[in-house]
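Have a look at the structure below before the remarks.
We did not get these values from a lab; they are worked out from the coordinates using the rules stated. What you are looking at is a predicted structure, and each value in this text was computed from that prediction instead of being measured. Because the Cβ atoms are built from the backbone with ideal geometry, glycine has one as well, and the counts that use them run over all protein chains shown.
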Amino acid sequence: MTARQIILDCDPGHDDAVAILFAAGHPGVDLVGITTVAGNQTLDRTTHNACVVCSVGGIEVPVHAGAARPLLRPLRTAAEIHGESGLDGPAPIEPAVAPRAGHAVDWIIDTVLAAPGDVSLVAVGPLTNLAMALRREPAVAEAVREVVIMGGSYTRGNTTPAAEFNILVDPEAASIVFEAPWPVTMVGLDVTHQALCTPEVQRGFAEMGTPAGDFIDGLMRFFRGNYAGVTGMADPPVHDPCAVAVLADPDTVEVVPATVQVETSGAFTSGMTVVDFKAPAGSRHRVATGLDAPRFWAAVHAAVAALPAPLS
């Protein structure tokens, strides 16, 4: 199978860190580059964190910083889950790589247009960068292979009763992304809450004896405690790698056709993803409905174990 070329747009974030390492180590993925957005923490912190993760995982791809705030709304972050750094847990690491010059939105446009039909966008944070790319150069919608997002839900939210965090941070951007004429797969909470980092899953990282495995173990120790304190869940869901799995190993995630619209104006429902499973023929949208969790975690463990030595 030919590896799928992806740009990973993210806001690291503990689960974003796992998604980066998973994408870099999986043979089914060719990680072209990483773009960052404000979300789990401010842009300076999410960009720094992306560079930290690349350093730990021996990942030599360009990192470009993008949008520092949502299109129309004030930024809200998730320090209560991810800590003040966005990657609290392990001892601070000085990254061996630095972000490249140039805005993420320009780099996304240039990279996608340079290889029409080859590059997929995997977005696991607020969708501000993707919306800005569409507005700046609509041709990206025809040139991209597909878009996979971690966000939304067809049942309940996790930040409000109606809305999942990534969509709620910038619902206007999410609406633009779902309305654009490109194929979009939504991997929401209904599936990512099946990707639980149980003690057994965490031991799999700790027992690798590699810097990347130790790093994830440290992240999950902090993540587990914070998630339990905020949500009451004993085992934290590791959302973002599920979106990578859609392209890395399609048999891991069950997806079905649907139509998705984003609520932007509801007094109590802003950020809600309204999913209609009676999708018309030719619908551009798919929604994830199931996860083979053992297969998923086996793939994540194998990918992280395969990573090279850290950059120095």
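Numbers at a glance
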{"read-out": "Members of the stretch 179-197 that are among the aliphatic types (A, V, I, L, M) and in contact (Cβ under 8 Å) with a residue 60 or more places away in the chain", "value": "Val184, Met186, Val187, Val191, Ala195, Leu196"}
{"read-out": "Qualifying residue in the stretch 140-157 (condition: closer than 25 Å to Ala79 by Cα, basic (Lys, Arg) and surrounded by fewer than 18 Cβ atoms within 10 Å (Cβ to Cβ))", "value": "yes"}
{"read-out": "Neighbours by Cβ (under 6 Å, 6+ apart or cross-chain): first from the stretch 226-242, over 20 Å from Leu21 (Cα atoms); second of a type in the set (S, T, N, Q) and in a loop (DSSP other than H, G, I, E, B)", "value": "Asp235/Thr198"}
{"read-out": "Per-region count, the stretch 286-312, residues assigned to a helix (DSSP H, G or I) and under 18 Å from the mean Cα position of the chain (by Cα)", "value": "8"}
{"read-out": "Of all residues making up the stretch 43-71, the number that are over 15 Å from Val105 (Cα atoms), under 16 Å from the mean Cα position of the chain (by Cα) and of a type in the set (Ser, Thr, Tyr)", "value": "1"}
{"read-out": "Residue within the stretch 267-282 that is on the phi < 0 side of the Ramachandran plot and assigned to a helix (DSSP H, G or I) present", "value": "no"}
{"read-out": "The stretch 32-45 residues that are within 12 Å of Gly125 (Cα to Cα) and touching a residue at least 12 places away in the same chain (Cβ under 8 Å), paired with ones that are of a type in the set (Asp, Glu) and surrounded by fewer than 24 Cβ atoms within 10 Å (Cβ to Cβ) (beta carbon under 9 Å, 6 or more apart)", "value": "Ala38/Asp44; Gln41/Glu84"}
{"read-out": "Qualifying residue in the stretch 258-271 (condition: of a type in the set (Phe, Trp, Tyr) and in contact with a helix residue (DSSP H, G or I) (Cβ under 7 Å, 6 or more places away or on another chain))", "value": "no"}
{"read-out": "The stretch 214-235, residues that are surrounded by fewer than 24 Cβ atoms within 10 Å (Cβ to Cβ) and within 18 Å of Asp11 (Cβ to Cβ)", "value": "Phe222, Asn226, Tyr227, Val230"}
{"read-out": "Selected residue [touching a Lys or Arg at 6+ places or on another chain (Cβ under 9 Å) and not β-branched (Val, Ile, Thr)] from Ala288, Ala302, Ala279, Ala267", "value": "Ala279"}
{"read-out": "Some residue of the stretch 150-165 being part of a strand (DSSP E or B), within 20 Å of Thr259 (Cβ to Cβ), in contact (Cβ under 8 Å) with a residue 40 or more places away in the chain and under 15 Å from the mean Cα position of the chain (by Cα)", "value": "yes"}
{"read-out": "Single match in Glu200, Glu142, Glu146, Glu207 (criterion: in contact with a strand residue (DSSP E or B) (Cβ under 8 Å, 6 or more places away or on another chain) and of a type in the set (Asp, Glu))", "value": "Glu146"}
{"read-out": "Helices (runs of 4 or more DSSP H) (entirely within the stretch 1-109) containing at least 1 residues that are touching a strand residue (DSSP E or B) at 6+ places or on another chain (Cβ under 7 Å) and surrounded by fewer than 23 Cβ atoms within 10 Å (Cβ to Cβ)", "value": "43-57"}
